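Worksheet: one structure, shown below.
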Amino acid sequence: MSSDFSKVKAVKDYKNTDMTKIKMDTLCAMEKHSKENGSAHILPINASSAFSYNSLEASIEVFTGQQEGFVYGRYGNPTITAVENKLAAMEALNLEDDLYCTLTSSGMSAIATLLISQLKAGDRIITQYNLYGGTTELLKSILSKQGIHISFCDLEDLDGLEKKLIAEKNVKLIYFESPSNPTLNCLDIKSLVDLAKKYGIDTVMDNTFCTPYLQRGIEMGIDFIIYSTTKFLNGHGNALTGAIICKNEAEQKSIWNHMKLLGSNCNPFDAWLLHNGIKTLPLRMDKHCSNAMALAEFLESRDEVLKVNYPGLNSNKYHKLATRQMDHFGAMLSFELKGGLEAAKKFMNACQLATITSTLGNVDTLLLHPATSSHLNIDPEIRKANGITDGLVRVSVGIENIGDIKADFKRALE
Ligand SMILES: *Cc1c(COP(=O)(O)O)cnc(C)c1O
């Protein structure tokens, strides 16, 4: 059944036009799903669990891959394919070649589907301590039970990593986030990729915080990109979706096959909401980033605050690196209050505009206390060693008026 699969790679819709030099904001705004005369201008939601044929001959042609067409909703759906093509085209903006995208039911299912497709019992994956909490748990409590070995290490220490790559057997993947959650540490992506390539190891980056608008990892040599498209790509907090980007047809086929058999497929309505969100991604991200910069500077000036983690700040350890590999510094920041858990409670309870919630990437400003939520199940010692202290508050800075956000934070700090 190569038929559904062959549809998923048609980034050509966007790129093989005489508009090869279009910019990201143009690409995001485009409605370019396949159209016939008089059909819907806006991508329709194909709410159908299966697709039908006029004859057995036509069915055979689709099933054997001689004709393009859809078969069954878990394998592929025209709405989902259109969104996959758009995301693949965004990631491939500055590349000559097509990329491939598979949408999944959530960011976690994208991570699980990719890792299961790439790893088998006996293989080893090397990753960092400060990952999205769910990813750490997936590795520790599910993949390790399947006989996959996991090494957590400091990926900023490339010499230490190289020693590990020499010492450890069967290392198949290096998995990372940059900037990472919740302390916004950045990794030197190009150097990390070069080191991995030297030892023939593939790299995976979760690029959820940046989106392709701010950072495109395939351009830097990364093999697989993961998105929780639930976050900034959707932008409105109304659907759960995930995405896996890869570079070649063989990888895509394997990922698609795993998605199909694990049943980790996206649903057409959530894919459609994602498609809607993507149209305004560049507008939203510009405002998110400028607001985050202003809020970071404000927090840095306050006596109640011990430390602000935001790569856009001159004082930030990762500022130069982030300037090199990101187009802007993003909407995520975290800051440490001097008074620990009590101060975090007081501050978060006093905010009237910003909301306490366990997500990020919406248009409104969101607060999270990592030590008692997303990182609750991480060993407290490891938590502390990675800067996830009891006084740490994570902020997903929204697109509200920056004066209003600052006023809310000022009042809550006081
Ligand atoms: C939210 C998130 C995930 C998980 O995505 P879901 O869509 O919630 O499954 C993975 N990685 C990062 C960085 C995230 O923020």
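Filtered by the rule that a residue be over 17 Å from VAL393 (Cα atoms) and either in a loop (DSSP other than H, G, I, E, B) or open to solvent by 10 Å² or more (accessible area, probe 1.4 Å) (or both), the range 317-345 gives LYS317, TYR318, HIS319, LYS320, LEU321, THR323, ARG324, GLN325, MET326, ASP327, HIS328, PHE329.
Selection over the range 222-231 of residues that are away from the ligand (no atom under 16 Å from the Cβ) and surrounded by 24 or more Cβ atoms within 10 Å (Cβ to Cβ) gives a count of 0.
Residues to consider are LEU115, LEU131, LEU119; find the one that is buried (at least 18 other Cβ atoms within 10 Å of the Cβ), within 16 Å of the ligand (Cβ to nearest atom) and within 21 Å of LYS197 (Cα to Cα). Before the answer, list the steps.
Working: LEU131 fails: within 21 Å of LYS197 (Cα to Cα); LEU119 fails: within 16 Å of the ligand (Cβ to nearest atom).
Testing whether each residue is buried (at least 18 other Cβ atoms within 10 Å of the Cβ), within 16 Å of the ligand (Cβ to nearest atom) and within 21 Å of LYS197 (Cα to Cα) leaves just LEU115.
Taking each residue of the range 23-42 that is hydroxyl-bearing (Ser, Thr, Tyr) and looking for partners that are open to solvent by less than 70 Å² (accessible area, probe 1.4 Å) and assigned to a loop (DSSP other than H, G, I, E, B) with beta-carbon atoms closer than 9 Å, six or more apart or interchain, yields SER34/ALA10. State whether one or more residues within the range 368-390 are under 21 Å from PRO311 (Cα atoms), open to solvent by less than 10 Å² (accessible area, probe 1.4 Å), assigned to a loop (DSSP other than H, G, I, E, B) and more than 16 Å from the ligand (Cβ to nearest atom). Checking the range 368-390: not a single residue is under 21 Å from PRO311 (Cα atoms), open to solvent by less than 10 Å² (accessible area, probe 1.4 Å), assigned to a loop (DSSP other than H, G, I, E, B) and more than 16 Å from the ligand (Cβ to nearest atom).
Can you tell me which of ASN248, ASN234 is touching a residue at least 24 places away in the same chain (Cβ under 8 Å) and open to solvent by 10 Å² or more (accessible area, probe 1.4 Å)?
Criteria check complete, one pass: ASN248.
Inspection of the range 43-63 identifies at least one residue that is in contact with a His (Cβ under 6 Å, 6 or more places away or on another chain) and in a loop (DSSP other than H, G, I, E, B).
Among the residues of the range 55-84, those identified as in contact with an Asp or Glu (Cβ under 9 Å, 6 or more places away or on another chain) and open to solvent by 50 Å² or more (accessible area, probe 1.4 Å) are GLN67, GLU68, TYR72.
Of the residues making up the range 230-242, those that are farther than 18 Å from ILE399 by Cβ and not in a strand (DSSP E or B) are ALA239, LEU240, THR241. Exactly one of (1) open to solvent by less than 10 Å² (accessible area, probe 1.4 Å); (2) farther than 30 Å from GLY339 by Cα is unmet by LYS287. Its number? It is condition (1) that LYS287 fails.
Mind checking which residues of the range 260-281 are in a helix (DSSP H, G or I) and either of a type in the set (S, T, N, Q) or open to solvent by less than 10 Å² (accessible area, probe 1.4 Å) (or both)?
Looking only at the range 260-281, we keep the residues that are in a helix (DSSP H, G or I), and these are 260-262, 268-279, 281.
Scanning the range 260-281 gives ALA271, LEU274, HIS275, ASN276, GLY277, ILE278, LEU281.
Applying the criterion of being more than 16 Å from GLY361 (Cβ to Cβ) and buried (at least 24 other Cβ atoms within 10 Å of the Cβ) to the residues of the range 212-221, the residue that is farthest from the ligand (Cβ to nearest atom) is ARG216.
So that you can scan it fast, the table gives a plain yes or no per residue for (1) without any contact (Cβ under 8 Å) to a residue 12 or more places away in the chain; (2) assigned to a loop (DSSP other than H, G, I, E, B); (3) within 16 Å of the ligand (Cβ to nearest atom):
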position	(1), (2), (3)
ASN291	no, no, no
ALA294	no, no, no
LEU299	no, no, no
ARG302	no, yes, no
VAL308	no, no, no
PHE347	no, no, no
LEU353	no, yes, no
SER358	no, yes, yes
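Given the criteria within 16 Å of the ligand (Cβ to nearest atom) and buried (at least 23 other Cβ atoms within 10 Å of the Cβ), does GLY107 qualify?
Here the answer is yes, as GLY107 does meet what is asked.
Pull up the range 251-281, narrow it to residues that are in contact (Cβ under 8 Å) with a residue 40 or more places away in the chain, under 24 Å from LYS120 (Cα atoms) and among the aliphatic types (A, V, I, L, M), then point me to the one that is farthest from the ligand (Cβ to nearest atom). Taking the candidates together, the pick is ILE255.
The values are calculated or read from the model by the stated rules, or taken from the named source; none is laboratory data. No experiment lies behind these values; they were computed from the predicted model shown. All Cβ positions, even for glycine, are placed from backbone atoms using ideal geometry, and neighbour counts span all protein chains on display. Remember, those area values only see protein heavy atoms, side chains included, never the ligands or the DNA or RNA. Shrake-Rupley method; radii C 1.70, N 1.55, O 1.52, S 1.80 Å.
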